[in-house]
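Scroll down for the structure; my scribbles are underneath it.
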Amino acid sequence: EPAIKSLGQWWDKSSLDFEPLPDKRLYHLDGTASYTDQEGNISSKVYDGSASLVVRQARFTNYLNYRINYYVQALAGNRGSIKLEKHDFQDTIRFDIKKFLYVNLGYIWTRDDTKFIHSRNTPYLGLGSHLFNSPKQDHNIFFGLGYEVKKYTIDVPDVDSLIWLVMQDWSWQISEAVRFLENTSYLGYFGENKTYRWSLSTALEFKLGN
């Protein structure tokens, strides 16, 4: 059985990339946190944080992600403040069928005050593929179907709809100390409401010390 340290960034790769499969349950945890304080004619504070937990047992991997953004702006003349929150939670269970092919069963929950969304619940199921997998690069793409139930904080009808979604992520180990990350998602609605939404995020990770 390979030593855990020798597996490298196993959470980015298929479980079937390792022979034999590790018997031990594997864990990976990471997170980010930031705080912004702006003073002047308009005073505001922004809290932003995220956490990710990956657990793997044999061919099964569970990806748990949570992100929060909390914005507070003080109104002039001591008239109180505006508070806006955004929460994103996603849990995905992956089963590796082949080195290049896997099935995902997942659930996404969102609250977004800026869009008057009290809750948006989206269970989904689909197939994904490791398009490109090397010691320095990993590229995944996923196609799935789901069902979305959306409730608003204002007096408008709630929305239930069948959806399709595409997710892709790419990681590139530029050097021992620097890694580039990119993630894109695209979601569309079936039926009369043929709208869509998409997101794109990029990041650079820097390793400090040995």
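The values are calculated or read from the model by the stated rules, or taken from the named source; none is laboratory data. Keep in mind that this is a model prediction, so the values were computed, not measured. Cβ: placed from backbone, ideal geometry, glycine included. Neighbour counts: every protein chain shown. Keep in mind that these areas ignore ligands, DNA and RNA; they rest on the heavy atoms of the full protein, side chains included. Shrake-Rupley method; radii C 1.70, N 1.55, O 1.52, S 1.80 Å.
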> Dipole of the chain, Cα-centred, from +1 at each Lys and Arg C-beta and -1 at each Asp and Glu C-beta, to the nearest 20 debye?
Replying inline: 120
> For Glu182 and Arg79, what does the FRET efficiency come to when R0 = 45 Å and r is the distance between their Cβ atoms, rounded to the nearest 0.05?
Replying inline: 0.60
>> Can you tell me the length gained on complete extension of the stretch Gln137 to Arg59, counting 0.36 nm per residue apart and subtracting the Cα distance?
In response: 26.0 nm
> Any idea which of Leu181, Tyr71, Tyr27 is furthest toward the positive side of the dipole for the chain, if Lys and Arg beta-carbons carry +1 and Asp and Glu beta-carbons -1?
Replying inline: Tyr27
> With labels modelled as points extended 7 Å from the Cα through the Cβ direction, what inter-label distance (nm, one decimal) is found for Tyr27 paired with Thr114?
Replying inline: 3.4
>> Modelling each spin label as a point 7 Å along the Cα-to-Cβ direction, I'd like the Asp155/Glu19 distance in nm, to one decimal.
In response: 6.6
>> Starting from 0.36 nm per residue, how many nanometres of slack lie between Thr36 and Trp172 once their C-alpha separation is accounted for?
In response: 46.0 nm
>> Can you give me the accessible area per residue for the chain, using a 1.4 Å probe, in Å²?
In response: 64
>> If I model a spin label at Phe95 and Asp48 as a point 7 Å from the Cα along the Cα→Cβ vector, what separation in nanometres do I get?
In response: 3.8
>> Rounded to the nearest percent, how much of the accessible area of the chain (1.4 Å probe, protein heavy atoms only) is carbon and sulfur?
In response: 60
